[in-house]
Amino acid sequence: MSKKKIVHLLRSNQFSGAENVVCQIANLFKNEESCGMLYCSPDGPIRKAVTERGVAFYPLESFSVRAVRKMIDELQPQIIHAHDAAACVLATLATLGRKDIKIIPHIHGNHPNMRHLSLKSLLFFLLSCRWKDIIWVSQSALDNYAFSSFVKEKSTVLPNIITLPEEVIEENETSDKAFDCLVLGRLSIPKNPLRALKVFKEVIQTYPHLKVAFVGDGELREDCLQFVKEEQLEENIQFLGFIENPMTIVEASRLLVMTSAWEGTPMCALEAMSRGLPIVSTPTDGLVDLIEQGKTGFYSDDDHLLATSIVDYLSDPIRYQELTENTKQRFAQIMDVEGYQQTLDALYKK
């Protein structure tokens, strides 16, 4: 029996959460004789990140119907696993009239444009008749979708998982520095880093020696740097930019802080939990499912309460140690890697 060829289609040429998920999936299936996987997106920095993780990469000339059709002609895939709404729409338009290619949409977040009647949510709904299965990263992403009642029967909720080595593979120059708080993710509107900075400003008023690391880059970088300069927080806050393997920084940090406007099941949160970092966060989507309130961290939509919890956790070593142990146990409970792979395998074989 010939191998089933599965192409993962993504829009971005930068490495972030959804891109990390695809690499995790591809590596889970790398020894499977029944299928072979390729990563497909516009070319850019993503090529290096993907290939270094042992995943085959196909560069799109552009994120367009024409480019996807060219990819299909060359690769002849049986399945296109399309990640997020734009890729789902593009894959469907590129395969109109073809019944030999299965499209599996995979929604990685609870985007505001999908929660109400919009061009994006409507187009996704109209094309859904072409799909037999839809994957959602969290129950809230499915429940909040504007047309959820029409697609629930063909939907599967599949929270993200990660597989990590026991040790950090590579060192970097900041490995000997200790950070009280870590913000891990793109400096972009969904992650809302300026809100995190305002929380840290309040924390510093009562915990003046706070050390914070921001790992990631994005369109809000200059705004964040300007805020830190204007508030004279340079001694407390460092922006380290994008780091290929952030786990050394994770291990050098005490808390993960997230102030996202919306999320799915963030990979950065799972990475932090794997190393025992409690999470202080806004109550967005999958984070509410990950955090056990008061046991593995804290979530609130009140910035003052977020700041207070950070100070409390950092100021009480015994309490912090309890949170760390609870977080490691929670991570072990929710990481069902075998079940995750079995669910995907069943969808691929349908």
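Going by the structure shown, is residue 215 β-branched (Val, Ile, Thr), under 21 Å from residue 12 (Cα atoms), modelled with pLDDT of 95 or more and in contact with a Phe, Trp or Tyr (Cβ under 9 Å, 6 or more places away or on another chain)? Lay out the reasoning, then the answer.
Numbers: β-branched (Val, Ile, Thr): yes; under 21 Å from residue 12 (Cα atoms): yes; modelled with pLDDT of 95 or more: yes; in contact with a Phe, Trp or Tyr (Cβ under 9 Å, 6 or more places away or on another chain): yes.
Criteria met by residue 215.
Looking only at segment 179-200, decide whether some residue is touching a strand residue (DSSP E or B) at 6+ places or on another chain (Cβ under 8 Å), modelled with pLDDT under 80 and not in a strand (DSSP E or B).
From segment 179-200, those touching a strand residue (DSSP E or B) at 6+ places or on another chain (Cβ under 8 Å) are 179-185, 187, 191, 193, 196-197, 199-200; that's our starting set.
Imposing the further condition that a residue be modelled with pLDDT under 80 reduces the set to none.
So far as segment 179-200 goes, no, none of its residues is touching a strand residue (DSSP E or B) at 6+ places or on another chain (Cβ under 8 Å), modelled with pLDDT under 80 and not in a strand (DSSP E or B).
Taking segment 72-113 as the range and being aliphatic (A, V, I, L, M) and either within 24 Å of the chain's Cα centre (by Cα) or within 12 Å of residue 18 (Cβ to Cβ) (or both) as the test, the residues that pass are 79, 80, 82, 85, 86, 87, 89, 90, 91, 103, 104, 107.
Give segment 93-140 a look and list any residue that's part of a helix (DSSP H, G or I) and within 18 Å of residue 5 (Cβ to Cβ), or say none.
Within segment 93-140, the first condition is being part of a helix (DSSP H, G or I), and the residues that meet it are 93-94, 112-114, 119-130, 139-140.
Scanning segment 93-140 gives a single hit, 94.
Residue by residue, here is whether (1) free of Cβ contacts under 8 Å to residues at least 40 places away in the same chain; (2) assigned to a helix (DSSP H, G or I) holds:
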residue	(1), (2)
2	yes, no
5	no, no
8	no, no
21	no, yes
26	yes, yes
36	yes, no
40	yes, no
44	yes, no
51	yes, yes
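Among the strands (runs of 3 or more DSSP E) confined to segment 243-313, the ones with at least 2 residues that are among the β-branched types (Val, Ile, Thr) and surrounded by 20 or more Cβ atoms within 10 Å (Cβ to Cβ) are located at 279-281. Please verify whether segment 105-128 includes one or more residues that are in contact (Cβ under 8 Å) with a residue 24 or more places away in the chain, in contact with a Lys or Arg (Cβ under 6 Å, 6 or more places away or on another chain) and crowded, with 21+ Cβ neighbours inside 10 Å. Looking for residues that are in contact (Cβ under 8 Å) with a residue 24 or more places away in the chain, in contact with a Lys or Arg (Cβ under 6 Å, 6 or more places away or on another chain) and crowded, with 21+ Cβ neighbours inside 10 Å, one finds none in segment 105-128, hence no. Within segment 24-46, the set of residues being buried (at least 19 other Cβ atoms within 10 Å of the Cβ) and either over 16 Å from residue 87 (Cβ atoms) or not aliphatic (A, V, I, L, M) (or both) comprises 24, 39, 40, 41.
In segment 263-279, is there at least one residue being more than 13 Å from the chain's Cα centre (by Cα), over 18 Å from residue 329 (Cβ atoms) and touching a residue at least 60 places away in the same chain (Cβ under 8 Å)? No, because not a single residue in segment 263-279 is more than 13 Å from the chain's Cα centre (by Cα), over 18 Å from residue 329 (Cβ atoms) and touching a residue at least 60 places away in the same chain (Cβ under 8 Å).
Based on what the data block shows, is residue 322 in contact with a Lys or Arg (Cβ under 6 Å, 6 or more places away or on another chain), surrounded by fewer than 20 Cβ atoms within 10 Å (Cβ to Cβ) and either over 15 Å from residue 185 (Cα atoms) or not assigned by the TED database to the domain that holds residue 184 (or both)?
Details: in contact with a Lys or Arg (Cβ under 6 Å, 6 or more places away or on another chain): no; surrounded by fewer than 20 Cβ atoms within 10 Å (Cβ to Cβ): yes; either over 15 Å from residue 185 (Cα atoms) or not assigned by the TED database to the domain that holds residue 184 (or both): yes.
Taking the combined requirement at face value, the residue does not satisfy it.
Just to be sure, is residue 214 part of a strand (DSSP E or B), more than 19 Å from the chain's Cα centre (by Cα) and either buried (at least 18 other Cβ atoms within 10 Å of the Cβ) or not acidic (Asp, Glu) (or both)? When the stated conditions are applied, residue 214 does not pass them. Hey, any hits in segment 81-100 for a residue that's touching a Phe, Trp or Tyr at 6+ places or on another chain (Cβ under 8 Å), farther than 26 Å from residue 145 by Cα and in the same structural domain as residue 155 (by the TED database)? No, segment 81-100 has no match at all.
Suppose the filter is under 30 Å from residue 143 (Cα atoms) and at pLDDT below 95; does residue 284 pass it? Yes; evaluated as a whole, the condition is true for this residue.
Only residues that are out of contact with any strand residue (DSSP E or B) (no Cβ under 8 Å at 6 or more places or on another chain), more than 23 Å from residue 305 (Cβ to Cβ) and part of a loop (DSSP other than H, G, I, E, B): list them for segment 217-242, please. Hits for segment 217-242 are 218, 219, 220, 232, 234, 235.
The values are calculated or read from the model by the stated rules, or taken from the named source; none is laboratory data. Note that the structure is a prediction, hence the values are computed from the model and not measured. Neighbour counts are summed over all protein chains in view; Cβ atoms, including those assigned to glycine, are modelled from backbone coordinates with ideal geometry.
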